[in-house]
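Q: Quick one: the structure is below, and I'll ask about it shortly.
Taken together, the values in this text are just the output of simple stated rules run on the coordinates, not laboratory data. Small disclaimer: the values here were computed from a predicted structure and weren't measured.
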C-alpha cells in the first residue's frame, strides 16, 4: 500500500516503513505525527484518488531525527560593477518513518 501526501509545500509518495525527509516539523524525536493531507491511496490496481484530498485518510509517522541538509552556496555577481555577494544556506529537515497508512 502506498499514499501520496502533501506537507511543507511538497508532495511525497510514501509506503509503510519508509523513511523520508520532509520540511522541518515542530515535534520532538520519537513523537508521532499525523499527515492529514492525503491526495491518493493505492494498492495494486485499487487506487483511491482525492479531489483534491481524501476524506478520512491519514498517514501516521514517527519522528526519527532533525537535521540540516547539504550546504548550498549562493553567489550574486554583476560583471564590471564591483558587485559580488556570497551566502551559504543549509535547509533544516525532519526525518520521519511511516508507521501506518489508513485509507479511511
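Q: Could you give me the radius of gyration and the Dmax of the range 17-61, taking only the C-alpha atoms into account and expressing both in angstrom?
A: Both quantities, over Cα of the range 17-61: 12.6, 37 Å.
Q: So what is the relative contact order of the chain, in percent, for Cα pairs below 8 Å that sit 6 or more residues apart?
A: 33
Q: Stretched out fully, how many nm does the piece from residue 53 to residue 11 gain, at 0.36 nm a residue minus the Cα gap?
A: 13.9 nm
Q: Related question: Roughly how compact is the range 2-102, stated as its Cα Rg over 2.2 N^0.38 Å to two decimals? The partial results should precede the final answer.
A: Numbers: Rg = 18.4 Å, N = 101, 2.2 N^0.38 = 12.7 Å.
In units of the 2.2 N^0.38 Å rule of thumb, it is 1.45.
Q: While we're on this one: Could you grab the Rg to Rh ratio for the range 46-104? Cα atoms only, Kirkwood for Rh. List each step's numbers first, then the result.
A: Working: Rg = 21.1 Å, Rh = 15.9 Å.
Reported Rg/Rh (Cα atoms, Kirkwood Rh): 1.33.
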